[in-house]
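Below is one structure, written out as structure tokens; comments come after it.
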Amino acid sequence: MNATLEHTAIASQNVDHFDVLIVGAGISGVGAAYHLTKQCPDTDFVVLEAQESFGGTWLTHRYPGIRSDSDLYTYGYSFKPWTGSTTATAAEIRFYMGEVINENDLGRHIRYRHKITSASWSSGSNQWTVEATRADTGESVSLTANFLWMCQGYYRHSKGYTPQWEGVDDFRGKIVHPQTWPEDLEYKGKNIVVIGSGATAATLIPAIAADSGHVTLLQRSPTYFGTELNGVALANELRALDIDKTWFHEIMRRKILREQQIFTNRTFSEPDVVKQELIAGVRNYLGPDYDVETHFTPSYRPWRQRIAFVPDGDLFRTIREGKTSVVTDQIDRFTDIGILLKSGKILNADIIVTSTGFNLSVFGDIDFMVDGKTVSFSDTVTYHGMMFTGVPNMAWVFGYFRASWTPRVDIVSDFVCRLINHMKETGAKKVTPALRPEEEDMPLLPWIDPENFNAGYLMRSLHLLPKRGNKPEWQHTQDYLSEKDQLPAVDLDNGALIFA
Ligand SMILES: Cc1cc2nc3c(=O)[nH]c(=O)nc-3n(C[C@H](O)[C@H](O)[C@H](O)COP(=O)(O)OP(=O)(O)OC[C@H]3O[C@@H](n4cnc5c(N)ncnc54)[C@H](O)[C@@H]3O)c2cc1C
């Protein structure tokens, strides 16, 4: 795969050809681009991004208070030290990503406003043909690539998920989804009901509570919240010791990733103890008289859904100050003035914020074909949670639920770069994961075990996602500490990848 030879516009069809085509310029796509330039320097690649700029999640979400709830030592890349505060706003994360792009001259590879609509693999030419639509001109664009690197995330950026409620059209106020927050929304002095109690609600409410008239957090059932962030004391100590920033970043990453793993293990080995610890953290902020039992005591085991982090208890402070109240109830219907609850209570609202989650988008809503046949990803089995049986020359970055997303960007990138280099060395043009004879009767299970993690957006669309097997190589183990050693040690010639 020689850069100069490969990036040839095929004059007759005017189709640009690349060794690798990366889909998406979020934290995954920018990381993939960085690793390609470092680990496969002769590789000619392009990044196609539907939006007008980079950032993905951190560009799409513009609601007040938007920030990470992960620490940035682990949400940042392994290769670029994070020097700011432990968590970061969307703007700070985009600034950091912008530095990665500029420092490594990645911008020349990115084509914005290119939404990919289809990708077809041909075993005749051993390449993908990708069709995209340009948002600026409406023009259709065709490109070809030897390898498709899917960094499109997991949810539809254009529209968030809103359940169907009765009477929505009767409501005379405004209904807003945080994913498409209008920049000019005037909420000062208004009564706001936020439906949902996940990380978005927990971030948004402290940011709007002071200026709004009153905020009501309406939830069907309680969620776990983390009130302490790992590693902060160590960060302060390392800063005081004036430790070099590269070391600082690495030490913090190792500490936090290890602590996250220990915490996750404890949620399996002693779930009740962990549950009581999390609830005690909330009670500390809300005081002994608050009804923590009703509003902050989930019925499920910790970590079956993402645990939202509340830095310095900011959400709970607004509750204590009386600026926010929590209602645990069910919606009967919307009315002209607000929401009628199943209990008979009415919540008056000027603005209703539907913080009700995402629509899962399997592979960026791209239509996939392999040799003329439509790919149904739910009929495929995942290879290490990043490649798929029967789908050649394609990899996907899907991060961790219980740790930051980005460590997986780094280790999947290492693997993909190793694979590309291996193919180059051996002259292989095509690599396809396939179950080995001894695995043909392996039980196939959903992408993720709902007993272990059952976030709403995944449960709504689990049937669309690839299957997993019962061996680590045929699943996304969600376990960084073991994957970081296992993936680099994978024998590419052990029969699970068919090269041609
Ligand atoms: C509000 C919010 C807060 C979060 N906070 C955290 C956190 O604190 N820690 C954590 O670990 N995770 C968090 N997450 C999860 C988060 O999505 C991931 O951390 C990470 O941002 C995913 O990055 P990505 O690059 O894989 O995908 P995305 O950020 O989703 O970016 C994908 C990009 O691909 C583009 N794209 C998609 N389809 C196409 C197509 N067909 N053609 C062209 N381009 C396409 C999109 O426009 C987008 O720019 C959060 C998510 C949300 C929504």
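Worth pointing out:
- Any chance Leu347 is of a type in the set (A, V, I, L, M), in a strand (DSSP E or B) and open to solvent by 20 Å² or more (accessible area, probe 1.4 Å): no
- Check on Phe363, within 16 Å of the ligand (Cβ to nearest atom), closer than 30 Å to Ala489 by Cα, among the aromatic types (Phe, Trp, Tyr) and part of a helix (DSSP H, G or I): yes
- Residue count for region 350-363 under the criterion of being within 31 Å of the chain's Cα centre (by Cα) and open to solvent by 20 Å² or more (accessible area, probe 1.4 Å): the result is 5.
- Region 13-42, residues that are open to solvent by less than 30 Å² (accessible area, probe 1.4 Å), under 20 Å from Asn126 (Cα atoms) and not aliphatic (A, V, I, L, M): His17, Phe18, Asp19, Cys40
- The listed residue being in contact with a Gly (Cβ under 8 Å, 6 or more places away or on another chain) and closer than 13 Å to Tyr224 by Cα, out of Gly357, Gly281: Gly281
- Among the residues of region 43-58, those that are open to solvent by 10 Å² or more (accessible area, probe 1.4 Å), touching a Ser or Thr at 6+ places or on another chain (Cβ under 9 Å) and more than 9 Å from the ligand (Cβ to nearest atom) comprise Thr43, Asp44.
- So Leu185, is it open to solvent by less than 10 Å² (accessible area, probe 1.4 Å), within 27 Å of the chain's Cα centre (by Cα) and at pLDDT 95 or above: no
A quick yes/no check of all residues on (1) more than 11 Å from the ligand (Cβ to nearest atom); (2) free of Cβ contacts under 8 Å to residues at least 40 places away in the same chain; (3) surrounded by 15 or more Cβ atoms within 10 Å (Cβ to Cβ):
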site: Thr133; (1), (2), (3): no, yes, yes
site: Thr137; (1), (2), (3): yes, yes, no
site: Ser140; (1), (2), (3): yes, yes, no
site: Leu143; (1), (2), (3): yes, no, yes
site: Leu148; (1), (2), (3): yes, no, yes
site: Gln152; (1), (2), (3): no, no, yes
site: Arg156; (1), (2), (3): no, no, yes
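- Looking only at residues of region 401-451 that are more than 18 Å from Thr37 (Cα to Cα) and in contact with a Pro (Cβ under 7 Å, 6 or more places away or on another chain), we find that the one that is surrounded by the fewest Cβ atoms within 10 Å (Cβ to Cβ) is Lys430.
- Any hit, region 308-321, residues being assigned to a loop (DSSP other than H, G, I, E, B) and surrounded by 18 or more Cβ atoms within 10 Å (Cβ to Cβ): yes
- Matching residues, region 477-500, being in a loop (DSSP other than H, G, I, E, B), under 20 Å from Trp396 (Cα atoms), at pLDDT 95 or above and open to solvent by less than 50 Å² (accessible area, probe 1.4 Å): Val490, Leu492, Ala496
- Residue in region 90-113 that is open to solvent by less than 20 Å² (accessible area, probe 1.4 Å), aromatic (Phe, Trp, Tyr) and free of Cβ contacts under 8 Å to residues at least 40 places away in the same chain present: yes
- Unmet requirement for Ile448, which otherwise passes all of (1) among the aliphatic types (A, V, I, L, M); (2) in contact with a His (Cβ under 9 Å, 6 or more places away or on another chain); (3) in contact (Cβ under 8 Å) with a residue 60 or more places away in the chain: (3)
- The lone exception for Gly357 - which of (1) within 16 Å of the ligand (Cβ to nearest atom); (2) not in a loop (DSSP other than H, G, I, E, B); (3) not aromatic (Phe, Trp, Tyr) it fails: (2)
- Checking Tyr75 against (1) in contact with a helix residue (DSSP H, G or I) (Cβ under 6 Å, 6 or more places away or on another chain); (2) near the ligand (Cβ under 8 Å from one of its atoms); (3) farther than 24 Å from Asp244 by Cβ, the condition it does not meet: (3)
- Residues within region 137-168 that are assigned to a loop (DSSP other than H, G, I, E, B) and touching a His at 6+ places or on another chain (Cβ under 7 Å), tallied: 2
- Qualifying residue in region 327-350 (condition: modelled with pLDDT of 95 or more and in contact with a Pro (Cβ under 8 Å, 6 or more places away or on another chain)): yes
- Of everything in region 1-38 that is among the small types (Gly, Ala, Ser) and modelled with pLDDT under 55, the residue that is nearest to the ligand (Cβ to nearest atom) is Ala9.
The values are calculated or read from the model by the stated rules, or taken from the named source; none is laboratory data. Quick caveat: nothing in here was measured; it's all calculated off a predicted structure. Cβ atoms come from the backbone with ideal geometry, glycine included; neighbour counts cover every protein chain shown. Accessible surface areas use protein heavy atoms only, side chains included; no ligands, DNA or RNA. Shrake-Rupley method; radii C 1.70, N 1.55, O 1.52, S 1.80 Å.
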